[in-house]
1. Most fluctuating residue of P13, P38, P115 in a GNM of the chain with Cα springs under 10 Å: which is it?
2. Kindly provide the helix-only [θ] at 222 nm of the chain, computed as the sum of -39,500 (n - 2.57) over DSSP H runs of four or more divided by all residues, to the nearest 500 deg cm²/dmol?
3. For the chain, what is the charge dipole size about the Cα centre, in debye to the nearest 20, if Lys and Arg each add +1 at the Cβ and Asp and Glu each add -1 at the Cβ?
4. Write down Rg/Rh for the range 51-102, rounded to two decimals, with Rg from the C-alpha atoms and Rh from the Kirkwood relation over Cα pairs.
5. Over all alpha-carbon pairs in the range 1-50, figure out the percentage whose distance exceeds 16 Å.
6. So the label point goes 7 Å from the Cα of I105 along Cα→C-beta, right? Which residues of the range 1-24 then have their backbone N under 11 Å from it?
7. Could you tell me the distance between the Cα centroids of the range 1-31 and the range 72-127, to the nearest Å?
8. For the range 8-132, I need the span (max minus min coordinate) of the C-alpha atoms along each principal axis, in Å, sorted largest to smallest.
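FYI, it's all coordinate maths here, none of it is from the lab. Given the structure is predicted, the values throughout are model-derived calculations rather than measurements. Cβ placement follows ideal geometry from the backbone for every residue including glycine, while neighbour counts extend to all protein chains displayed.
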Amino acid sequence: MLRFEHMPSDFHPLFLFLGEGPDLAALARLLRRFAEQPQTFAVAERIPGATSRNKLVLTPADDGEFGMRDLGSSFAWKLTNWQAQRIAERIELLTPEDNKSGSEILEIGSNGEIPVKVSRGEFTDDFLIARR
């Protein structure tokens, strides 16, 4: 099950995605579909079984603002087609069955963006569900 949530911090806030190989592969496929046909949609609605306490939409970048953004009551991951493709490629590196754990920190380099960490096998299955 793909789990994702904002991890607030005064110094190093992070948006965390957790899952196993198939979960992360589903996220990568979603990013590739977005790159082919950019449109705004809720991530949890497009990946069966995904769970989060935060509403997150994937949306085309606009006004030169890129990356993960806190909108107050929700979050928007603002990406261009090219950025979505490159991020999908990096996530796919975590998906092979022989990889037991690993992570990627994803940042576009846009001022004010929240870094995104995609992690496999580094947290227990109940992290972001029962522990918070």
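1. It is P13.
2. Values: 3 runs with 32 residues, N = 132.
Dividing the helical sum by the residues of the chain leaves -7500 deg cm²/dmol.
3. 240
4. Result for the range 51-102 is an Rg/Rh of 1.07.
5. 47
6. Only 12-14 fall inside the zone, counting backbone N under 11 Å.
7. Centre-to-centre distance over Cα atoms comes out at 6 Å.
8. 39, 34, 26
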